[in-house]
Amino acid sequence: MPRTIGSHTIDTGGIDKAAFRAANAGLSSVQFFTAIPKYYGDKMSIRPERVARFRSALEQTGIKPANVMVHAAYVLNVSTEDAEMWARASAGLAKEMERSSTLGVGAVCFHPGAARDGDREAAARRVAKAITGALQTVSGETKLLVENTAGAGTTMGRTPEEIGTIFSHVPEKLRSRTGYGLDTCHLFSAGYDISESEKAFASILDSFESIIGEPPSFFHLNDSIGALGSNRDRHALIGDGEIGAEPFRWLMRDKRSAKVPLILETPQQNLEIPEDDVTADPYDVRMRELLTGFEGVKG
């Protein structure tokens, strides 16, 4: 079946413009930030007119709200042992869920942050507490999804065991609104050799699904500038990095890629564009053509 391919597009001019740019690239999904990713955004709501423009853009483009992803701010370290920092990060995560639920998008993904004191079990509990608080504060259908990490320093979420431990501390009644996603660059940089063979790639996905108890709810499709096990979160265009193009062909064949958003976070060619310019980014078109060329196989 046709895969749901999207991109984290430039949102110059507004998130509605991000949706138009994705659709004009032939994509059926889109990802963006609802607030500046270098700030907590814990006090920022979303204006009704912004919501209306965005919903209108989805109607015009045919992008389904369920296929829209919001990426939470990078600074939301809900693993930290610093009580003040955790409280603000947790509030920022809840506020992101409020903005995203108001937009009606399918999911919010976030990086769980770093356990700077080295106590990873306690950090997992803190991440789960932040997830629980956000979901209890904000009702609705929008899901809150943990993204695997490249494993630099004391960052959490590198292994399926850590993600599974986080979810083990989330109340069962809230688990239907949680899940996780896998970033190919992060997997490779964390030491999972997804480029070895199709069998090895499938085995890695099997291990995450078996240990966590469910398949991924999304994939981020990125090649890696860093080498295997480098712990570097540096993305490259598919085929231009250390992973190479072939593993993405394998992923497109895997049944786990069939019904979830596959989001490109690869470089954009046009970083400086007018607010009213909603033309497709050439790199997004190139990546979409590459990936759709891998389709048509039994999945």
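Quick one: would you say Pro171 is under 24 Å from His71 (Cβ atoms) and free of Cβ contacts under 8 Å to residues at least 60 places away in the same chain?
No: the conditions fail for Pro171.
Does any residue of region 189-211 turn out to be assigned to a loop (DSSP other than H, G, I, E, B), under 24 Å from Phe32 (Cβ atoms) and of a type in the set (A, V, I, L, M, F, W, C)?
Scanning region 189-211, I find no residue that is assigned to a loop (DSSP other than H, G, I, E, B), under 24 Å from Phe32 (Cβ atoms) and of a type in the set (A, V, I, L, M, F, W, C), so the answer is no.
Please specify each residue of region 224-280 satisfying the condition of being out of contact with any strand residue (DSSP E or B) (no Cβ under 6 Å at 6 or more places or on another chain), acidic (Asp, Glu) and within 25 Å of Lys64 (Cα to Cα).
Asp254, Glu275, Asp276, Asp277, listed by residue number.
Being in contact with a Ser or Thr (Cβ under 7 Å, 6 or more places away or on another chain) and in a loop (DSSP other than H, G, I, E, B) is the filter; apply it to region 247-280 and report the residue that is modelled with the highest pLDDT.
Per the stated criteria, the residue is Val260.
Residues are listed down the side, and each one gets a yes or a no for (1) within 23 Å of Ala258 (Cβ to Cβ); (2) hydrophobic (A, V, I, L, M, F, W, C); (3) surrounded by 15 or more Cβ atoms within 10 Å (Cβ to Cβ); (4) under 20 Å from the mean Cα position of the chain (by Cα):
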position: Ile194; (1), (2), (3), (4): yes, yes, yes, yes
position: Lys199; (1), (2), (3), (4): yes, no, no, no
position: Ser207; (1), (2), (3), (4): yes, no, no, yes
position: Ser210; (1), (2), (3), (4): yes, no, no, no
position: Pro215; (1), (2), (3), (4): yes, no, yes, yes
position: His220; (1), (2), (3), (4): yes, no, yes, yes
position: Ser224; (1), (2), (3), (4): no, no, yes, yes
position: Gly229; (1), (2), (3), (4): no, no, no, no
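Need the failing condition index for Ser176 against (1) over 19 Å from the mean Cα position of the chain (by Cα); (2) surrounded by fewer than 17 Cβ atoms within 10 Å (Cβ to Cβ); (3) polar (S, T, N, Q), just the number.
Condition not satisfied by Ser176: (1).
Please determine, by comparing only the residues of region 212-236 that are of a type in the set (A, V, I, L, M) and not in a loop (DSSP other than H, G, I, E, B), which one is farthest from Gln268 (Cα to Cα).
The extreme case among them is Ile212.
List every residue pair whose Cβ atoms sit under 7 Å apart, with the two residues 6 or more apart in sequence or on different chains, where the first one lies in region 266-284 and is under 24 Å from Phe248 (Cβ atoms) and touching a residue at least 60 places away in the same chain (Cβ under 8 Å) and the second, anywhere, is buried (at least 18 other Cβ atoms within 10 Å of the Cβ) and of a type in the set (Lys, Arg).
Partner pairs satisfying both residue conditions: Ala280/Arg21; Asp281/Arg21.
Out of (1) buried (at least 22 other Cβ atoms within 10 Å of the Cβ); (2) without any contact (Cβ under 8 Å) to a residue 12 or more places away in the chain, the odd one out for Pro48 is which?
(1)
Here is a yes/no grid of residues against (1) more than 12 Å from Ala22 (Cα to Cα); (2) basic (Lys, Arg):
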residue	(1), (2)
Phe32	no, no
Ala35	yes, no
Tyr39	yes, no
Ser45	yes, no
Arg50	yes, yes
Phe54	yes, no
Ile63	no, no
Val68	no, no
Ala72	yes, no
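Out of all the residues in region 19-60, which are of a type in the set (A, V, I, L, M, F, W, C), over 30 Å from Lys129 (Cα atoms), assigned to a helix (DSSP H, G or I) and in contact with a Ser or Thr (Cβ under 8 Å, 6 or more places away or on another chain)?
Once the filter is applied, which keeps residues that are of a type in the set (A, V, I, L, M, F, W, C), over 30 Å from Lys129 (Cα atoms), assigned to a helix (DSSP H, G or I) and in contact with a Ser or Thr (Cβ under 8 Å, 6 or more places away or on another chain), region 19-60 yields Ala19, Phe20, Ala22, Ala23.
Could you tell me whether any residue of region 287-299 is among the aromatic types (Phe, Trp, Tyr) and free of Cβ contacts under 8 Å to residues at least 24 places away in the same chain?
no
Quick test for you: out of Thr142, Thr132, Thr154, pick the one residue that is out of contact with any Pro (no Cβ under 7 Å at 6 or more places or on another chain), closer than 22 Å to Asp82 by Cα, among the polar types (S, T, N, Q) and in contact (Cβ under 8 Å) with a residue 24 or more places away in the chain.
Step by step, each of Thr142, Thr132, Thr154 is checked, and only Thr154 is out of contact with any Pro (no Cβ under 7 Å at 6 or more places or on another chain), closer than 22 Å to Asp82 by Cα, among the polar types (S, T, N, Q) and in contact (Cβ under 8 Å) with a residue 24 or more places away in the chain.
Looking at region 9-30, which of the residues that are of a type in the set (S, T, N, Q) and under 19 Å from Leu290 (Cα atoms) is farthest from the chain's Cα centre (by Cα)?
Looking at the filtered set, the residue picked out is Asn24.
The values are calculated or read from the model by the stated rules, or taken from the named source; none is laboratory data. Predicted model only: the values in this text are computed from it and were never measured. Backbone-built Cβ (ideal geometry, glycine too); neighbour counts: all protein chains shown.
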